[in-house]
Each structure stands twice: as C-alpha cells, then as structure tokens.
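S.K.: Supplied in structure tokens, the structure appears directly below.
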Amino acid sequence: MGRSSVACSISNLSIEYGDEVYLLPLTPGFNKLREGHFLEPQSSLIYPTYHFTPFSLPILGYYDDYGRIDSIREDDNTEILEKFFETSINNIVRLLTNQRKISYSESEACKIYGRDREIVSGSQKLTSSWLIKFGFTKKDNHFVFEDDPGNNKVTLEKRTNSKQDDGYIFKIFNKKGKQIAENWCSWHSVDELQDEYLKATGFALNAKPEYRKPYNVIRKLSSMFIHKDIYDHMVSWRDPYGPNPWSPKENLAQEFDEFRAELISYDEQIEAWEKEPNKTWKERPNLFDDPMDSHGHKRNFASYIGNTEGSWWTPFRDLYRQAIKDGKLRQKLCDFIEFDSNLSECNRFYFPAMNGTQHGNASASIDLAKASLKVLGKRAALIAEENIVPEVLCKVCKETKDEYIDDFCKECHIHYYDW
C-alpha cells in the first residue's frame with residue numbers, strides 16, 4: 001500500500017514516519033454571530049476558533065506514515081474519549097483519520113459502529129425487498145424505518161429510460177408529509193439513500209442503536225496534526241519583550257484548583273436541591289452560577305473551559321466536567337491553555353493542514369523559512385535595538401557586550417544571520 005503524508009497545522013512542515021505528534025480532534029466552530037458551519041468570504045481571521053474549535057485535548061502518538069498515529073500514549077484523556085465514543089482510542093484515531101461514511105461497508109465507521117456490513121455492500125440493489133430486509137416497514141405507499149423516532153417516510157419510484165432499467169428514484173418525507181430529499185439510486189449501490197437520509201434527517205440508518213449517539217458526534221469531527229516539538233514550544237513560549245496577554249503560567253494551576261473547588265460546590269448544591277421533596281425552580285441554584293458557564297468569570301481557566309458567548313472550547317464542558325472535579329488533567333489543561341493563547345501571537349488557527357508534495361519538500365520549506373526570517377529580521381532588529389541588555393557574555397565571540405538577540409552581540413548576529 002502507498003504511504004500518505006500529513007503536515008503540522010502550526011508549522012506547516014511535513015511530518016515524517018516515526019515523528020512524535022499530537023492529533024487534535026476538531027469540531028465545527030459555532031458562535032452566536034453565525035448559524036451553522038460554513039466558510040464565508042474572508043480576507044483575514046480574528047480568532048483561532050473561527051472555523052474550527054477543539055473538541056478535546058490532543059492525543060499523543062507516533063506518525064505511522066499512513067495518515068494516522070500509532071503507539072498512542074494512553075492517559076486520563078484517552079480513557080475519557082474511549083468512554084464517550086464507546087470504543088478504543090485506536091478506533092477513535094482510525095475514525096478521525098479515515099472514511100466515516102457508515103453507508104460504505106468498508107469504511108472504519110461501518111466496521112466499528114455499523115449494524116450490518118453485508119446488507120450495505122456495493123452489490124446490493126435498492127428495491128422494496130431490500131428496504132424491508134434493511135429494517136423498513138411498508139405502510140400504504142411508503143416505507144418507515146422501524147427505529148427512527150422522527151417517523152420519516154421513504155417512497156420508491158421506478159426510474160427507467162429508453163435503453164435500460166436504471167434503478168429507483170427515492171423521496172424522503174418528514175412526519176408532516178413535507179418532502180425533504182430526493183435522489184436516485186443505481187441498481188448497484190444503496191449508499192445514496194442512506195447518505196441522503198442522514199443529511200436530511202440526522203439519523204444514521206446503518207448505525208447500531210446503541211452507537212448512534214457517538215457516531216453522530218464523530219462523523220462531524222475533523223482533526224489536525226501538530227508535531228510534538230512544535231506543540232511543546234507553543235506551550236512554553238513567552239514574549240521576552242513584553243508580558244503575555246494571558247495570566248502567567250504559574251497562576252494557571254492555581255486557577256484550576258479554584259475552578260475545581262467552585263465546580264464541586266455548585267454540583268453539590270444541585271444534588272442537594274434535586275433531593276428536596278418539595279423543590280421548586282425558584283430555589284434551584286442559578287444556572288449562570290455554574291463555573292462551566294463563563295458569565296461573570298474573569299479568570300482564564302473558567303473563560304476557556306466555559307465560554308458560551310464565542311466558539312471556544314464548549315465541548316470540554318461536558319467531556320471533562322467529572323475529570324476536573326476528580327482533579328485529573330490538571331497539567332494537560334493548563335498546557336493547552338498556554339498553547340491556545342499563543343496561537344494568536346503566531347497568527348495560527350485551528351484547521352487541518354495541507355500536505356501537497358508527497359512527504360513534503362524540505363528544500364522548499366527551508367527556503368521559505370529563510371525568506372520569512374528576512375522579513376522577521378527587519379522587525380526583530382528594531383525590537384532588539386529597543387531592548388538591548390547590557391553587559392552579557394556573547395555565546396559566539398565570548399566577549400562581554402550588549403546582548404542583541406538570544407545571547408548574541410549585534411556584530412555576531414549580523415555576521416551569522418545577516419540581520
């Protein structure tokens with residue numbers, strides 16, 4: 001089988017076989033200013049979460065050269081994801097990086113969540129008998145799927161032309177009788193009916209009933225790769241010429257502890273209220289007092305985890321609520337806040353990276369980096385002139401001079417980097 005390349009979404013550099021990488025699940029970015037997820041005309045973006053927002057903390061492993069990661073480092077985060085998606089972390093990664101059409105018998109989704117692979121294989125024909133075998137019940141002139149709570153209806157009409165028999169036209173109607181989809185299905189494929197049904201109703205016909213909820217979430221997720229060295233740099237980076245606009249690193253752990261205490265207290269109040277025999281809604285603790293809702297919270301930790309006004313990490317609210325109360329993921333969540341806060345500083349945003357040339361072109365990337373450094377050099381020189389540190393040992397000439405940039409004196413830096 002041929003190998004497949006991916007790129008780091010932060011550095012845009014190709015990721016090679018065996019590189020230690022993070023895979024970050026992404027969910028469409030929704031906010032109150034835009035309904036639905038779409039790429040509208042733009043000349044620039046303001047927020048890293050404008051198009052996608054993190055669904056969870058990243059998953060660490062090694063790139064396997066086939067578009068996936070293996071040797072996954074299992075931890076509290078992977079355990080939470082396994083519980084949510086009701087499958088192994090390896091299966092979750094396979095789903096995030098492979099075909100997720102559950103109507104296709106050879107897809108990872110069908111293998112993991114599908115109820116019947118044989119009946120949706122490419123050799124099946126869309127007929128009335130197939131619909132009944134698949135789980136539909138015929139009522140009058142239409143068919144109803146037995147497990148669909150939406151009570152949607154399907155009708156079939158023979159599609160023929162002057163030369164050959166050409167399958168059926170199918171129409172989908174909601175419970176009020178309004179047509180919501182129409183297409184045709186050839187004799188040798190039943191994918192179209194399942195795909196159109198899912199698109200029109202949100203109901204996956206071939207998903208096992210117990211797996212419909214996790215499948216309906218993961219089918220909408222994207223993902224991005226981040227080289228571990230790049231991720232670690234983004235976590236640790238600090239502006240040497242000015243304060244970080246977010247809270248200092250040492251304060252985040254303290255904020256986590258305070259946030260955790262508030263969350264435990266709030267949930268205890270809710271549990272006590274629910275046990276009251278004569279409880280009323282007026283006596284219920286205010287929903288806006290929930291620490292997972294960022295209203296009234298100015299601390300970074302609360303605003304990231306509980307932001308509901310924008311499109312920050314809203315999936316984290318349910319996914320990690322219990323883990324935070326249990327004191328888990330403290331360092332990982334603090335690190336991810338650091339990573340996220342530095343995305344804006346580096347003009348980066350959440351989005352799958354493109355990898356054009358197979359395995360990338362290292363020479364082209366190096367030359368592009370050099371060109372970028374020349375542009376940055378002019379700006380860095382101005383910053384360095386304004387922030388010279390006197391009497392520092394230059395790491396090149398070993399003389400005590402005014403520091404220009406990164407323990408270089410000005411003469412050595414210009415000699416080696418040309419700026």
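Since every read-out is calculated from the coordinates, none of them should be taken as a lab result. Everything numeric in this text was worked out from a predicted model, so none of it was measured. For neighbour counting, all protein chains shown are included, and Cβ atoms are generated from backbone atoms with ideal geometry for every residue, glycine included.
S.K.: Treating only the Cβ of Lys, Arg, Asp and Glu as charged (+1, +1, -1, -1), what charge dipole size does segment 113-209 show about its Cα centre? Round to the nearest 20 debye.
M.R.: With only Lys, Arg, Asp and Glu charged at Cβ, the dipole is about 240 debye.
S.K.: Of the cross-linked pairs Lys158/Lys220; Lys111/Lys171; Lys153/Lys282; Lys208/Lys228; Lys199/Lys282; Lys220/Lys332, which ones have a Cα-Cα span greater than 31 Å in the structure shown?
M.R.: Those over the limit are Lys158/Lys220; Lys153/Lys282; Lys208/Lys228; Lys199/Lys282.
S.K.: Moving on to the next point. What FRET efficiency would be calculated for the residue pair Asn174, Ala362, taking the C-beta separation as r and a Förster radius of 60 Å, to the nearest 0.05?
M.R.: 0.65
S.K.: Per 0.36 nm of contour for each residue apart, how much would the distance between Ser372 and Ser222 grow if the chain were fully extended, relative to their Cα-Cα spacing?
M.R.: The Ser372-Ser222 span can extend by a further 51.1 nm.
S.K.: Can I ask one more? Which part of segment 322-361 falls in the paramagnetic zone of Glu79, meaning amide N under 17 Å from the point 7 Å along Cα-to-beta-carbon?
M.R.: Taking a point 7 Å out along Cα→Cβ of Glu79, the residues of segment 322-361 whose backbone N falls under 17 Å are 322-333.
S.K.: Moving on to the next point. Once a ≥ b ≥ c are taken as the square roots of the eigenvalues of the Cα gyration tensor of segment 42-175, is the result rounded (a/c under 1.5), prolate (a/b larger than b/c) or oblate (a/b not larger than b/c)?
M.R.: prolate
S.K.: Determine the distance separating the Cα centre of segment 314-368 from the Cα centre of segment 44-67; give it in Å without decimals.
M.R.: 5 Å
S.K.: To the nearest 20 Debye, how big is the dipole of segment 59-155 about its Cα centre, given +1 on the beta carbon of each Lys and Arg and -1 on that of each Asp and Glu?
M.R.: My answer is approximately 700 debye.
S.K.: I've got another one for you. Does segment 113-209 classify as rounded, prolate or oblate by the C-alpha gyration tensor (a ≥ b ≥ c root eigenvalues; a/c under 1.5 gives rounded; else a/b over b/c gives prolate, otherwise oblate)?
M.R.: It is oblate, given that a/c is not under 1.5 and a/b is not larger than b/c.
S.K.: Of the listed peptides 348-354, 110-116, what is their order by residue-averaged count of other C-beta atoms within 10 Å, with the highest listed first?
M.R.: Ranking, from highest mean packing down: 110-116, 348-354.
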